Amino acid sequence: MTTVANNSLRCVQVLNVALHEILEARPEVILIGEDLDDPYGGAFKVSKGLSTSFPDQVLCTPISESAIFGIACGLSLRGFRPMVEVMFGDFLTLGLDQIINHISPFQDTCKGRTQMPLVVRIPMGGGRGYGPTHSKSLETLLLGVPNILVAVASQYHDLSAMLKAAVASDTPVFFIENKQMYAQFNERHVKGWLNMFQCREGQGPFPSITLSPVRFEPAMWTIATYGGSAPLAIRAARSLMLEHEIPCEVVIVGSLQPLDSTSVKESVHRTGALITLEEGVPIAGFGAELVSKLMPSVWGKLREAPRRIGALPVSLPAAPSLEQHVLPNWGDVMDAVLSKPGRWSAFND
């Protein structure tokens, strides 16, 4: 699948344009959140200009995540398609009661006679020095919650198409946006190539992207990741190929719930070895679930035990040097491939 590149725009611009197009085309979409009104336009400026252009579709609320999610539930049941903007992913915890006890069970308790179309956009991740209460990656909290979708955007995905697909879904969609991604260019593949990697993009509204440095001939490792960790995986794969002549495929997963493991499984069948990379703590997270899901189909093809990489299980410091120590980096992936002692061994021994 080839797409037109949009490499001249940063991700925050692409998302902002997509939101303008969505609100113009769909008057039933109501954007809800804190500090959305211009000139502020949201904490990361993704919503800039929307309150001016669509004053009847932007609802700027007091600081109360539980109320925001509750209002979204009510609007959805009344025929609207609300979109919640959570200011920081850490604040998702304040809305978990509404998510788990209201948004999730509505379709089941009503025996399928009603739907709950809504989108929750959530900026996740660290790397910006915001400290322990504004830097978490809490996707794990949403895994296993019934009747929701968890989509994860990266700077290599078609962000506009993904966001529009989320709005079109009749199932609640939690749309994860990494904070560091906003400032990066939306680097799309051109004619099946992304830099030195040949690229394959999966099907569906939230596709996975697979990159190969050897034209999808058998490689040595599969590096499975998502969101803001994707650039780290790509940098590691590039260095491993150019400096050590170790070809590694990178699979950038687009859906965590349900977990899209198809592209990863296909890659592991070519490589026989798997590394998972996530920004959050990997205990009971993306890597653990992916490895568990893949084992029945890839067990006999593995020449190495899967290796998981993630953040250290501590609160994220604000000091840049300490934050870098806690968060995973591309060197950790290289250590795992080269079997050097490092962060990866802490979660795999």
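What follows draws every value from the coordinates through simple rules; no lab data is involved. All of these numbers come straight from a predicted model, not from anything done at the bench. Reconstructed Cβ throughout: ideal geometry from the backbone, glycine too, with neighbour counts over all protein chains shown.
Sorting T222, T61, T52 on the 10 Å Cβ count, fewest up front, what's the list?
Numbers: T222 29, T61 16, T52 12.
Taking fewest neighbouring Cβ atoms as first place, the list is T52, T61, T222.
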Practice problem: Output the antiparallel fraction of DSSP beta bridges having both residues in the chain, as a percent to the nearest 5. | Solution: 30
Self-check item: For T276, distant residues with modelled amide H under 5 Å away
Solution: A224, R307, R308, I309
Quiz item: Applying the Karplus parametrisation 6.51 cos²θ - 1.76 cosθ + 1.60 with θ = phi - 60° to the phi angles of segment 60-70, what ³J(HN,Hα) value in whole Hz is obtained for each residue in order, glycine and proline being reported as x?
Solution: 8, 10, x, 7, 6, 4, 4, 5, 4, 5, x
Quiz prompt | Residues of type lysines that K293 reaches as a straight line, Cα spacing below 26 Å, ignoring anything fewer than 8 places off in the same chain | solution = K136, K265, K301
Exercise. Rank the residues I252, I209, I246, I63 as a footprinting-exposure proxy: fewest other Cβ atoms within 10 Å of their Cβ go first.
Key: I63, I246, I209, I252
Self-check item: Gyration tensor (Cα) of segment 1-100, equivalent ellipsoid semi-axes in angstrom
Solution: 24, 16, 15
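Could you line up K301, K48 from fewest to most neighbouring Cβ atoms inside 10 Å?
By the 10 Å Cβ count, ascending, the order reads K301, K48.
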Quiz item: How big is the convex hull of the Cα atoms of segment 193-346, per residue, in Å³?
Solution: 117
Quiz item: By how many degrees, 0 to 90 and rounded to 10, does the Cα axis of helix 286-298 deviate from the longest principal axis of the chain?
Solution: 60
Quiz item: Spin-label point model (7 Å from Cα, Cβ direction): what's the W193 to E245 distance in nm?
Solution: 2.3
Self-check item: Farthest toward positive dipole pole in the chain [+1 Lys/Arg, -1 Asp/Glu at C-beta], among S53, H20, A151
Solution: A151
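Treating only the Cβ atoms of Lys and Arg (+1) and Asp and Glu (-1) as charged, compute the dipole magnitude of segment 25-73 about its Cα centre; round to the nearest 20 debye.
Numbers: 3 positive and 7 negative charges, 34 e Å.
Dipole of segment 25-73, to the nearest 20 debye: 160 debye.
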Exercise. Run the numbers on segment 204-346 and let me know its relative contact order in percent, using alpha-carbon pairs under 8 Å that are six or more apart.
Key: 24
